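**Q** Could you have a look at this structure, given as structure tokens, before my questions?
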Amino acid sequence: MKPVIGIVLRPEKSPEGRNLLSIYKEVSDAIIKYGGIPIGICPPLIESFYGKDLNSTRKLTEEEFLELKRILDLCDGIVCQGGDEFYDYDLKIIKYAHSTDKPLLGICLGMQAMSVAFNGKIERLFNLNHSKPGEKYVHEVVIKKKSKLFEIIKQSKISVNSRHKWHVVKTNLNIVGISDDNIIEAVEDSTKNFFIGVQWHPESMVNYDEIMNKLIKEFILATSKFKH
């Protein structure tokens, strides 16, 4: 049976200014490519998060988290995709996945949220070498050899794309990837089945980079080891 992969939906605006919740097609395509079934994870009471002004400080109530948990329990794995801002429900989802050992892959903003969920901090990044959305490869990342990420990709140095405006400056998660200009690029908890966050966008690279294919493939495979 194919694993169900929940993707944390991101707020967007339609051309008419209407609030949307979106999945980036490259993310769902990458999941489908390796045999997963993508579904969207929607936060409860959307209007209170995405009203006239996005409310990043809004906290989930206990009842709302129980509702969210019902959705999470349907998933064999979770992807925290990229975006512009994360919310309290992102942090709750990340901590729940961690506590249940449900495989989780954090991408760009998703990695930043993972880091913050574990006593982390992010800051604005003004280095233009990390914000080049049109390029296949932007910079190199050195991967720590004693890490689950290294076990998966079997490379100590890789080339990645890059399109982010914020970066992680500290976290209690293991820092396992550093760019050639000393930006944190990958974090994980190696004691878990699969709990890895990367600052780049592997979903955008699967059509031309075999290393990123390994990463997505291993994430999907890890969901088969997860027991509800």
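Read the figures in this text as sums done on the coordinates, not as results from a lab. Because the structure is predicted, anything quoted here is derived from the model rather than measured. All Cβ positions, glycine included, derive from the backbone under ideal geometry; neighbour counts span all protein chains shown.
**Q** Residue by residue, what Karplus-based ³J(HN,Hα) values in Hz, rounded to whole numbers, does segment 36-41 have, using 6.51, -1.76 and 1.60 with θ = phi - 60° and x for Gly and Pro?
**A** Calculated HN-Hα couplings, in order: x, 10, x, 9, x, 9 Hz.
**Q** Explain nothing, just compute: Karplus ³J(HN,Hα) = 6.51 cos²θ - 1.76 cosθ + 1.60, θ = phi - 60°, for every residue of segment 159-171 in order, whole Hz, x for Gly and Pro.
**A** 9, 9, 7, 6, 7, 9, 10, 10, 8, 7, 10, 6, 6
**Q** Compute the distance in nm between two label points, each set 7 Å from the Cα along the Cα-to-Cβ direction, one at ASN207 and one at MET1.
**A** 3.3
**Q** Taking H placed 1.01 Å from N in the peptide plane, check which residues at least 5 places from ILE7 or on another chain put their amide H under 5 Å from its amide H.
**A** Placed amide hydrogens put ILE39, GLY40, ILE41, VAL79 under 5 Å from ILE7.
**Q** Which value, in Å³ per residue, describes the convex hull spanned by the Cα atoms of segment 150-228?
**A** Details: hull volume 9.2 nm³, N = 79.
In segment 150-228, the Cα convex hull volume per residue is 116 Å³.
**Q** Report the residue, chosen from SER156, SER99, SER131, that carries the largest GNM mean-square fluctuation when the chain is represented by alpha-carbon nodes joined by springs under 10 Å.
**A** Of SER156, SER99, SER131, the Gaussian network model singles out SER99 as fluctuating most.
**Q** Amide H to amide H under 5 Å from HIS139: which residues, 5+ apart in sequence or cross-chain, H placed 1.01 Å off N in plane?
**A** Excluding prolines and chain starts, which carry no amide H, the hits are VAL160.
**Q** Let me ask something else about it. Checking the a/c ratio against 1.5 first, then a/b against b/c, what shape does the Cα gyration tensor give for segment 101-179?
**A** Values: a/c = 1.75, a/b = 1.09, b/c = 1.61.
Since a/c reaches 1.5 but b/c is at least a/b, the shape of segment 101-179 is classed as oblate.
**Q** Please find the FRET efficiency linking LEU20 to GLU85, where r is the Cβ-Cβ separation and R0 is fixed at 22 Å, and quote it to the nearest 0.05. Provide the component values of the computation, followed by the final result.
**A** On the way: r = 15 Å, r/R0 = 0.66.
Taking R0 as 22 Å, the efficiency between LEU20 and GLU85 is 0.90.
**Q** Related question: When DSSP assigns beta bridges and you keep just the ones with both residues in the chain, what percent turn out antiparallel, to the nearest 5?
**A** Numbers: 24 of 39 bridges.
Antiparallel bridges: around 60 percent, rounded to the nearest 5.
**Q** Further, regarding this structure: Could you check the spin-label model distance between LEU221 and THR57? Points 7 Å from the Cα along Cα→Cβ, value in nm.
**A** 4.6
**Q** Quick one: what does P(r) look like for the chain with 10 Å bins over all Cα pairs, in whole %?
**A** Result, from short to long distances: 8, 35, 39, 16, 2 percent.
**Q** Once phi is turned into θ = phi - 60°, what whole-Hz ³J(HN,Hα) does the Karplus curve with 6.51, -1.76 and 1.60 give for every residue of segment 176-181, x standing for Gly and Pro?
**A** The phi angles translate into 10, x, 10, 6, 5, 10 Hz.
**Q** Which of the lysines could be linked to LYS59 by a straight reach, that is with a Cα gap under 17 Å, when you skip same-chain ones fewer than 8 residues away?
**A** List returned: LYS69, LYS92, LYS95.
**Q** 5 Å is the cut-off here: which amide hydrogens, built 1.01 Å from N in the peptide plane, fall below it relative to LYS2, excluding neighbours closer than 5 in sequence?
**A** Under 5 Å from the amide H of LYS2 lies no amide H from a residue far enough along the sequence or on another chain.
**Q** Quick one: among GLY177, GLY82, GLY134, which has the greatest mean-square fluctuation in a GNM of the chain with alpha-carbon springs under 10 angstrom?
**A** It is GLY134.
**Q** Here's a follow-up. In deg cm²/dmol, rounded to 500, what helix-only [θ] at 222 nm does the chain give when every DSSP H run of at least 4 residues adds -39500 (n - 2.57) and the total is split over its residues? Don't skip to the end; give the middle numbers.
**A** Details: 7 runs with 66 residues, N = 228.
The helix-only estimate for the chain comes to -8500 deg cm²/dmol at 222 nm.
**Q** Then there is this: Using a 10 angstrom cutoff on alpha carbons, build the Gaussian network for the chain and name the most mobile of PRO43, PRO103, PRO11.
**A** Among PRO43, PRO103, PRO11, the largest GNM mean-square fluctuation belongs to PRO11.
**Q** Calculate, in nm to one decimal, what GLU140 and GLU123 gain on full extension: separation in residues at 0.36 nm each, minus their alpha carbon distance. Walk me through the numbers on the way to the answer.
**A** Values: separation 17, 0.36 × 17 = 6.12 nm, distance 2.08 nm.
Length gained, GLU140 through GLU123: 4.0 nm.
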